[in-house]
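Working notes for the structure below.
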Amino acid sequence: MHDEQQRPEHGPLSGFTVGVTAARRADELGALLQRRGATVVHAPALRIVPLADDGELLTATKELVDDAPDVVVATTAIGFRGWVEAADGWGLGEELLARLRSVELLARGPKVKGAVRAQGLTEEWSPSSESMAEVLDRLLEEGVDGRRIAVQLHGEPLPGFVESLRAAGAEVVLVPVYRWMPPEDIGPVDRLLDAALTRGLDAITFTSAPAAASLLSRAEERGLRAEFLATLHHDVLPACVGPVTALPLQALGIDTVQPERFRLGPLVQLLCQELPGRARVLPVAGHQVEIRGHAVLVDGSLRPVPPAGMSLLRALARRPGWVVARAELLRALPGSGRDEHAVETAMARLRTALGAPKLIQTVVKRGYRLALDPAADAKYADA
């Protein structure tokens with residue numbers, strides 16, 4: 001019993017809501033987030049489909065079997081496996097593998113390296129960073145003028161990669177295995193956008209550049225792009241698995257956070273540091289109050305709070321210790337009308353949810369204030 005009391009009753013992400021845009025490995029990412037207490041909103045921003053017409057892939061495969069390239073770049077494990085499986089289906093599997101044994105084979109990171117070795121092949125080189133920029137740097141350092149380089153694509157062409165090789169004099173053969181397509185059901189994406197715009201999300205995770213581009217594209221279609229970008233600037237943390245994934249956001253001036261190792265685990269660990277670090281912590285009426293996305297920690301105890309209550313609490317916390325008028329609090333309530341009674345109702349529910357009624361004081365005929373501890377008053381008076 002004592003052990004239970006000593007263990008925290010919540011995870012580092014408890015009280016936070018995180019959007020997941022991934023199509024692949026979404027369940028894995030969602031489970032990692034939920035295990036740490038997060039509420040997860042899943043909205044695959046795209047789907048990966050095999051080429052509707054395999055003719056393009058067949059042509060590229062025959063071309064490489066008949067005329068050996070100098071270098072083959074394998075970019076994704078699923079794409080590389082898909083290519084070999086498709087070649088097997090056309091009776092070209094052995095010829096393709098024989099050809100790949102005879103060329104300089106580069107694998108973009110450990111997962112791709114595993115897929116390459118599973119086919120009995122050995123890569124010439126693989127960056128530890130999984131960065132296509134590092135692959136590009138190596139090729140350009142070696143010199144690519146006059147060399148024939150085959151690039152296994154996964155979805156959209158890689159930003160700048162092919163262009164840089166061609167500009168340096170390489171002949172580039174594209175091997176398109178899959179295409180990125182918009183999701184069949186756009187409803188979850190729209191709900192994710194709406195949640196972001198109403199502060200119903202604390203972070204959005206991106207694990208591929210096309211997913212980021214797709215979400216931005218949908219926001220633009222709905223006439224919400226400027227509003228969505230402002231939300232990513234101020235309220236909702238965009239977390240990307242790596243720098244390539246972040247490119248569509250960075251091109252629009254959005255700063256993102258990225259883990260040092262481009263994996264799902266480190267991405268979740270990064271959120272475990274970043275989101276609690278962004279939470280407001282205040283000494284109120286003898287208690288420590290930490291304001292999270294949809295919950296509040298009162299002396300380390302997690303208290304879920306309804307959306308209306310969170311809106312009121314944020315409005316009070318913007319000027320802790322100061323009286324906030326009912327009219328201003330009414331404006332802060334989502335979808336509220338003109339009846340200030342709505343503020344009283346939401347405030348009563350907020351106090352109940354917090355479990356410590358004295359945290360918020362009623363100032364008769366004026367409004368409400370957070371009962372900031374006297375020692376903290378000076379700190380926030382000038383804020």
Hits in segment 4-58 - residues which are assigned to a strand (DSSP E or B), modelled with pLDDT of 80 or more, open to solvent by 60 Å² or more (accessible area, probe 1.4 Å) and of a type outside the set (V, I, T)
H42, R47
Residue check, T245 polar (S, T, N, Q) and farther than 27 Å from P110 by Cβ:
no
Of all residues being among the charged types (D, E, K, R) and in contact with a helix residue (DSSP H, G or I) (Cβ under 8 Å, 6 or more places away or on another chain) in segment 291-338, which is surrounded by the most Cβ atoms within 10 Å (Cβ to Cβ)? Just the residue, please.
R292
Of (1) within 26 Å of G309 (Cα to Cα); (2) modelled with pLDDT of 95 or more; (3) in a helix (DSSP H, G or I), V268 satisfies all except one. Which?
(1)
Which is open to solvent by less than 10 Å² (accessible area, probe 1.4 Å), assigned to a helix (DSSP H, G or I), among the β-branched types (V, I, T) and at negative phi, of V144, V189, V175?
V189
Are any of the residues in segment 227-240 open to solvent by 10 Å² or more (accessible area, probe 1.4 Å), farther than 14 Å from A43 by Cα and in a loop (DSSP other than H, G, I, E, B)?
yes
It is to be established whether one or more residues within segment 273-288 are modelled with pLDDT under 90, aliphatic (A, V, I, L, M) and crowded, with 19+ Cβ neighbours inside 10 Å.
no
Scan segment 347-357 residue by residue and report those that are open to solvent by 10 Å² or more (accessible area, probe 1.4 Å) and at pLDDT 90 or above.
A348, R349, R351, T352, A353, G355
Starting from segment 159-181, keep only residues that are more than 20 Å from P210 (Cβ to Cβ), then list their pairs with residues that are among the aliphatic types (A, V, I, L, M) and open to solvent by 30 Å² or more (accessible area, probe 1.4 Å) whose Cβ atoms are within a distance under 9 Å, requiring at least 6 positions of separation or different chains.
L165/L140; A168/L140
Residues satisfying the stated conditions in segment 101-141, i.e. in a helix (DSSP H, G or I), in contact with a strand residue (DSSP E or B) (Cβ under 8 Å, 6 or more places away or on another chain) and open to solvent by 30 Å² or more (accessible area, probe 1.4 Å):
K113, R138
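The values are calculated or read from the model by the stated rules, or taken from the named source; none is laboratory data. In this text the structure is predicted, and so the values were computed from the model without any measurement. Quick reminder, even Gly has a Cβ in these numbers, built from the backbone with ideal geometry, and neighbours come from all protein chains shown. Only protein heavy atoms, including side chains, enter the accessible area calculation; ligands, DNA and RNA are left aside. Shrake-Rupley method; radii C 1.70, N 1.55, O 1.52, S 1.80 Å.
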